[in-house]
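Engineer: Got a structure for you, questions after.
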Amino acid sequence: MSTSKYNVCLIGLGSIGVSFAALHLRYGSGTVTVFDTRSDLKEHIESVLPVYLGCDTDSPKVTDLQSQGRLKVCSSLKEACDEADIIQEQGPEQLDFKRKIWAEIEKAAGPGAQFWTSTSGIAASLQNELMQDQSRLLVVHPFNPPHIMPLIEIVPSPQTSTAAIQFAQRYFTALGSGHRPVVIKKELPGFVGNRIAYIIFREAAYLVKEGVVGVEDLDTILMASLGPRFAVQGPFKAYHMGGGVKGIRGFMDNLSTTIQDVWDSYEYVDLATKKHQNDSAWIEKVVKETESAYGLPTPAEFNSRDIKLREVIDTQK
Ligand SMILES: NC(=O)C1=CN([C@@H]2O[C@H](COP(=O)(O)OP(=O)(O)OC[C@H]3O[C@@H](n4cnc5c(N)ncnc54)[C@H](O)[C@@H]3O)[C@@H](O)[C@H]2O)C=CC1
Ligand SMILES: O=C(O)[C@@H](O)C(=O)[C@H](O)[C@@H](O)CO
């Protein structure tokens with residue numbers, strides 16, 4: 001059991017917020033105060049949190065956590081922040097929202113509270129622009145679901161204090177959940193994990209758009225190759241092992257022509273955002289094929305995903 005008796009406040013209880021609530025409740029020992037503007041917050045917590053807490057005999061129960069005062073659903077941001085040592089934000093992935101909420105949190109929080117944003121890719125140096133003390137804000141980016149996925153990307157802005165970075169590293173290392181914090185040295189959109197993930201997604205969408213492969217077969221290809229391999233070896237080690245006696249140097253020598261030909265062959269799809277206006281018909285094709293293949297996610301599927309993810313992660317130990 002972790003020794004981290006820190007009180008954690010979660011602002012935003014959607015997919016990520018509920019998952020982080022499960023993580024802190026299961027491995028931490030402080031209170032978890034939560035605030036969300038959604039009208040179905042109570043029902044949402046009651047339907048999703050038990051799944052994430054797990055159904056082992058020793059899994060904590062939501063009702064017990066609430067009666068013990070470890071889990072508090074608050075009616076205001078101020079109430080949720082009041083006695084928190086750590087304040088984590090998992091609101092909408094919109095810069096305007098995050099800028100404003102951090103200025104609001106800074107007014108409501110105690111002087112020593114840590115400020116963590118769960119953002120998928122918006123730099124802390126962009127989010128902190130309305131704050132008085134910009135040294136407090138840090139990106140603490142999880143992979144979904146954070147109650148299981150071990151990676152925590154810690155991405156400081158140039159203003160973030162060293163103490164804030166070290167606190168976040170220590171917290172996740174000491175939590176006892178097997179989480180693996182990695183400090184990212186420079187701010188780029190998407191940090192590192194998502195930059196890799198989104199380039200894979202972009203190419204996958206392009207291949208479906210061009211009729212090279214369907215959605216389900218694309219998923220099968222990744223699940224039957226890179227997926228299990230990345231659970232055992234990352235790309236550099238895998239190619240090092242694939243290069244024969246010379247290792248990655250041999251790999252690069254032997255395959256550089258083919259690799260460069262593939263790199264030169266990439267054409268992109270773009271999302272029809274304000275920066276890019278283009279043929280967004282591929283979006284409908286990807287959505288319709290994915291929905292047709294899988295339907296919409298159900299709680300039972302989240303549970304099945306969690307069981308399988310835990311098994312895969314356990315093989316890494
Ligand atoms: N979904 C994912 O796979 C991952 C998401 N993230 C990041 O986590 C953050 C949240 O993402 P999700 O949980 O997927 O989004 P979500 O849409 O499921 O949840 C967002 C929550 O914020 C709440 N909210 C909106 N305005 C609010 C306000 N003023 N005060 C308090 N709560 C408010 C909403 O009611 C909602 O429950 C985003 O920044 C996202 O980029 C990070 C890693 C993975
Ligand atoms: O893939 C993940 O779980 C995270 O790295 C993310 O940030 C999410 O995919 C995010 O991009 C989608 O909300």
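Engineer: Out of the residues in the range 21-45 meeting the condition of being more than 22 Å from the chain's Cα centre (by Cα) and within 16 Å of ligand 1 (Cβ to nearest atom), tell me which one is least open to solvent (accessible area, probe 1.4 Å).
Structural biologist: ASP40
Engineer: Scanning for something out of contact with any helix residue (DSSP H, G or I) (no Cβ under 9 Å at 6 or more places or on another chain) and without any contact (Cβ under 8 Å) to a residue 24 or more places away in the chain, does the range 41-51 turn up at least one residue?
Structural biologist: For the range 41-51, residues out of contact with any helix residue (DSSP H, G or I) (no Cβ under 9 Å at 6 or more places or on another chain) and without any contact (Cβ under 8 Å) to a residue 24 or more places away in the chain: present.
Engineer: While we're looking at this one, here's another question. Within the range 103-125, identify whether any single residue is more than 16 Å from ligand 1 (Cβ to nearest atom) and touching a Leu at 6+ places or on another chain (Cβ under 7 Å), and answer yes or no.
Structural biologist: Looking through the range 103-125, none of the residues is more than 16 Å from ligand 1 (Cβ to nearest atom) and touching a Leu at 6+ places or on another chain (Cβ under 7 Å).
Engineer: Still on this structure: Among the residues that make up the range 285-304, is at least one of them over 30 Å from PRO50 (Cα atoms) and touching a Lys or Arg at 6+ places or on another chain (Cβ under 7 Å)?
Structural biologist: Checked the range 285-304: at least one residue is over 30 Å from PRO50 (Cα atoms) and touching a Lys or Arg at 6+ places or on another chain (Cβ under 7 Å).
Let's see how each residue does on (1) farther than 17 Å from GLU89 by Cα; (2) away from ligand 1 (no atom under 15 Å from the Cβ); (3) free of Cβ contacts under 8 Å to residues at least 24 places away in the same chain:
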| residue | (1), (2), (3) |
| --- | --- |
| PHE143 | no, no, no |
| HIS147 | no, no, no |
| GLU153 | no, no, no |
| PRO156 | no, yes, no |
| SER161 | yes, yes, no |
| TYR171 | no, yes, no |
| GLY178 | yes, yes, no |
| ILE184 | yes, no, no |
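Engineer: Separate question: Filter the range 109-163 down to residues that are of a type in the set (A, V, I, L, M), open to solvent by less than 10 Å² (accessible area, probe 1.4 Å) and within 10 Å of the chain's Cα centre (by Cα), then give me how many there are.
Structural biologist: Number satisfying all stated conditions: 2.
Engineer: Turning to a different aspect of this structure: Given the conditions (1) within 16 Å of ligand 1 (Cβ to nearest atom); (2) out of contact with any Phe, Trp or Tyr (no Cβ under 8 Å at 6 or more places or on another chain), report the number of the one that GLY54 does not fulfil.
Structural biologist: (1)
Engineer: Among (1) free of Cβ contacts under 8 Å to residues at least 60 places away in the same chain; (2) out of contact with any Lys or Arg (no Cβ under 8 Å at 6 or more places or on another chain); (3) open to solvent by 80 Å² or more (accessible area, probe 1.4 Å), which single condition is ASP253 missing?
Structural biologist: (2)
Engineer: Related question: Pairs only if they're at least six apart or on different chains, beta carbon under 7 angstrom, first in the range 193-220 and under 20 Å from VAL262 (Cα atoms) and open to solvent by 70 Å² or more (accessible area, probe 1.4 Å), second acidic (Asp, Glu) and within 16 Å of ligand 1 (Cβ to nearest atom); list them, first residue then second.
Structural biologist: none
The values are calculated or read from the model by the stated rules, or taken from the named source; none is laboratory data. Remember, predicted model here, so these are calculated numbers, not experimental data. Ideal geometry is used to build each Cβ from the backbone, glycine not excepted, and the neighbour counts take in all protein chains shown. Just the protein is used for accessible areas: all its heavy atoms, side chains included, with ligands, DNA and RNA removed. Shrake-Rupley method; radii C 1.70, N 1.55, O 1.52, S 1.80 Å.
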